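Take this structure, written in structure tokens, and hold onto it; I'll ask about it next.
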Amino acid sequence: MTIKWSKEWEIGIPVIDSQHKRIVDFINMIPDQGEDKQAIEAVLTELKDYTSSHFAFEESLIEEAGYPFTKAHSRVHVLFIRRIEDYWQEFRNGNDISSELVKTLETWLFNHIKHDDQDYSETVKRNLQAATDKAKEKEKKKNWFNKLFG
């Protein structure tokens, strides 16, 4: 079964939404019943890299925005990373983890992103808008100065 990205999973931060779409890609890359060990290994490898980089990026955004539940959110990420590491170990031991991995990724997609990540979205969007406004104001002042003295 193929899953298609749904707008209902978007949190309104384009860079984060595009990163979250990777979860759908991972789910769709997992073969049924572990038939293709190389495909599962590729997904696990990419998933491990994805979680490290995505979570670090997301956590820096929410921390910079002053989201009050940053530490709790980070702890949930740590637990997810541990779960992926457990899948790696199970896979290395020769166990078929494909259906369980799909269930975990779907749960993450449907629950964590839709709820936990949605909770921080307004705080981060306000912070990003403030940064954009500040940059625009700085550019206006620079242009004014150049017109006057340039």
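Throughout, read-outs are computed from the coordinates displayed, never taken from laboratory work. Owing to the predicted nature of the structure, the values given are computational and were not obtained by experimental measurement. With ideal geometry, Cβ positions are generated from the backbone for all residues, glycine too; neighbour counts draw on all protein chains shown.
Cα atoms only, the chain: Rg and Dmax in Å?
Here Rg and the maximum Cα pair distance are 19.7, 72 Å.
If each residue of separation counts as 0.36 nm, what is the full-extension length gain between LYS138 and ALA39 once their alpha-carbon separation is subtracted?
Computed gain between LYS138 and ALA39 is 30.7 nm.
Taking only the alpha-carbon positions of segment 1-80 and ignoring solvent, what does the Debye formula give for the base-10 log of I(q)/I(0) at q = 0.13, 0.18 Å⁻¹?
Treating every Cα as an identical point scatterer, log10 I(q)/I(0) equals -0.49, -0.86.
Follow-up. Would you please name the GluC sites (Glu not before Pro) within segment 51-82 that are DSSP coil residues with at most 15 other C-beta atoms within 10 Å of their C-beta?
Those that pass, being in a loop and sparsely packed, number zero.
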